[in-house]
Amino acid sequence: MLVEWRLRVGPGDDETWKLLSHLQPPQRLEGAKDAQEQLLAWRGTHYLCKCLWRQGPGFLQIRDRRWGDLRRFTCDEPHYHDAIARLDPGAPAADVAPDALADFIEEHLVLRVGDLAWWLPYRVKRWIQEAMAV
């Protein structure tokens with residue numbers, strides 16, 4: 001879905017665009033020191049399925065290419081599944097298991113704004129290409 005949006009970041013928050021770089025670039029980026037350069041970089045490096053997750057039978061897998069390499073995470077513990085279910089639409093950070101939230105923040109899979117937290121990868125029903133190994 002093509003949407004028109006803009007992003008305003010706070011002073012000194014010049015790396016937020018990288019966390020969101022799997023999303024379609026905004027029309028405008030405001031508040032960053034080098035906003036125009038960052039927006040051009042975002043537009044030049046964006047592609048579909050850069051950061052996503054998929055639910056399978058008994059597991060959940062996340063694939064993240066926002067940082068240039070493929071980072072793949074497989075979650076099979078129920079409390080991680082519960083944390084993702086809470087974070088996907090956005091939730092108060094206090095409502096999420098602290099260890100799961102900390103792990104996801106460390107891997108840049110969650111964005112916190114004040115007391116709220118959002119799950120960043122978007123969900124797909126199946127991978128867009130076949131697996132390389134079985």
Inset, instruction - Determine which member of the set Leu19, Leu39, Leu87, Leu23 is at pLDDT 90 or above, more than 17 Å from Pro121 (Cα to Cα) and aliphatic (A, V, I, L, M). - result: Leu39
Legend entry - Criterion violated by Cys51 - all others in (1) of a type outside the set (A, V, I, L, M); (2) over 20 Å from Trp119 (Cβ atoms); (3) surrounded by 15 or more Cβ atoms within 10 Å (Cβ to Cβ) satisfied: (2)
Legend entry - Pairs, first more than 20 Å from Tyr47 (Cβ to Cβ) in the stretch 2-21, second part of a loop (DSSP other than H, G, I, E, B) and at pLDDT 85 or above, C-beta under 6 Å, six or more apart: Arg6/Pro26; Arg6/Gln27; Arg8/Gly31; Val9/Gly31; Val9/Ala32; Asp14/Ala32; Asp14/Lys33
Legend entry - Filtered residue count, the stretch 62-83, keeping only those that are touching a helix residue (DSSP H, G or I) at 6+ places or on another chain (Cβ under 8 Å), under 27 Å from Thr45 (Cβ atoms) and of a type outside the set (Phe, Trp, Tyr): 2
Inset, instruction - Would you please list the contacts, defined by Cβ atoms under 8 Å and residues six or more apart or on different chains, that run from a residue in the stretch 104-118 that is touching a residue at least 12 places away in the same chain (Cβ under 8 Å) and of a type outside the set (Phe, Trp, Tyr) to a residue that is part of a loop (DSSP other than H, G, I, E, B) and surrounded by 16 or more Cβ atoms within 10 Å (Cβ to Cβ)? - result: His108/Arg66; His108/Leu120; Leu109/Leu120; Leu109/Pro121; Val110/Leu120; Leu111/Leu20; Leu111/Leu120; Ala117/Val96
Inset, instruction - Of the numbered conditions (1) of a type outside the set (Asp, Glu); (2) assigned to a loop (DSSP other than H, G, I, E, B); (3) farther than 21 Å from Gln24 by Cβ, Arg66 fails exactly one; give the number of that condition. - result: (3)
Inset, instruction - Any chance you could count how many residues in the stretch 1-37 are assigned to a loop (DSSP other than H, G, I, E, B), among the aliphatic types (A, V, I, L, M) and either open to solvent by less than 100 Å² (accessible area, probe 1.4 Å) or more than 20 Å from Leu52 (Cβ to Cβ) (or both)? - result: 5
Inset, instruction - Inspect all residues belonging to the stretch 119-126 and state whether any of them is hydrophobic (A, V, I, L, M, F, W, C), assigned to a helix (DSSP H, G or I) and open to solvent by less than 50 Å² (accessible area, probe 1.4 Å). - result: no
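The values are calculated or read from the model by the stated rules, or taken from the named source; none is laboratory data. Source: prediction; values computed, not measured. Counting neighbours? That spans all protein chains shown, and the Cβs are built from the backbone with ideal geometry, glycine included. Just so you know, the surface numbers come from the protein's heavy atoms only, side chains and all, with ligands and any DNA or RNA stripped out. Shrake-Rupley method; radii C 1.70, N 1.55, O 1.52, S 1.80 Å.
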